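As structure tokens, the structure follows; a few thoughts come after it.
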Amino acid sequence: MRLDGNAALITGAARGIGRAQAVRFAEEGADLILVDRCAAVQHSTTPGATSADLAETVRQVEALGRRAIAAVADVRDQEALDAAVARGVRELGRLDIVCATAGISSSGPADTMPAEVWQTMLDVNLTGVWKTCKAAIPHMINADQGGSIILVSSIAGLRGLVGVGHYTAAKHGVVGLMRSLAKELAPHRIRVNTVHPANTRTDMVQNPATMRTFVPGVAEPTQAQFEAAAQTMHLLPVPLLDPRDVANASLFLASDEARYITGATLPVDAGHCAR
Ligand SMILES: NC(=O)c1ccc[n+]([C@@H]2O[C@H](COP(=O)([O-])OP(=O)(O)OC[C@H]3O[C@@H](n4cnc5c(N)ncnc54)[C@H](O)[C@@H]3O)[C@@H](O)[C@H]2O)c1
């Protein structure tokens, strides 16, 4: 029960890594504020999550005996985020942990990318992270109980990846935001860190559009072809991580075990960055 009595805000909570964080945190005693857009984002190739997905995360959290306050909100919408967080804090009585996890993907060479594809990526994967922090931080400072903010970046936040210049720029930007926030919030005992997953088994990569980018020249790659290509990015013999692996790293950063860790970039990457 490493998060006993804590409350955590998670964006992108309807499925994937966000759901895994919610369930893992609930297993360790946390109550949850769960935010998701529950619809596809225009100019993203990631299939949209649904309200049923978010309801399923709530069900899994409640099955563990914890409370879940869910809100359908877009991380690009500051007012909606502020309202969701305020309601959650009112109902749960506190806010100790934030996971800014919502994100989208799309691909294309940077030099020919349509401006709206670039802008949407930056709006969701970078500015959405800042807006999430902006909604949460005043509650944490007012409570004066410290806290932990975990920003979900990517291996693309540490290295340049081909064909996703906009995603890479956004995920590097998240690291810059983390580094400034770590300094600004340290006097309040609020820690801020990033996690950097490699290929993880979620709808973001496990869809036809993304699978094609892994196997260029093949119109409909098989799962085996996709996994063989994904494997080449990792040092350890595993093509795709489980969302729970990322949730475990997030749990560590959220817990008191990481009480003197702030401003850090934690890869969960099967050795990708060491290749
Ligand atoms: N899956 C991977 O291989 C991988 C690798 C590195 C980093 N990441 C990052 O992990 C995070 C979670 O991704 P995932 O793999 O779980 O993908 P996912 O698509 O399964 O989950 C993302 C969730 O974010 C939500 N979301 C998207 N845009 C939103 C918006 N504007 N407002 C609110 N909610 C929104 C979606 O509805 C979805 O439920 C993302 O930031 C992603 O960039 C994923």
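List of remarks:
- Near SER154, once Lys and Arg are set to +1 and Asp and Glu to -1 for all other residues with Cβ below 10 Å from its Cβ, the sum equals +1.
- Separation of the range 229-275 from the range 99-126 is 22 Å, based on Cα centroids.
- Degrees between helix 128-143 axis and first principal axis of the chain (Cα, 0 to 90, nearest 10): 20 degrees
- Among the chymotrypsin sites (Phe, Trp or Tyr not before Pro) found in the range 167-273, those both in a DSSP coil and sparsely packed, with 10 or fewer other Cβ atoms within 10 Å of their Cβ, are TYR260.
- For ALA68, distant residues with modelled amide H under 5 Å away: LEU32
- With K and R counted +1 and D and E -1, the other residues having a Cβ less than 12 Å from that of MET121 yield a net charge of 0.
Values quoted throughout were computed directly from the atomic coordinates according to the rules given, and no laboratory measurement underlies them. Everything quoted here is computed from the prediction, not taken from an experiment. Backbone-built Cβ (ideal geometry, glycine too); neighbour counts: all protein chains shown.
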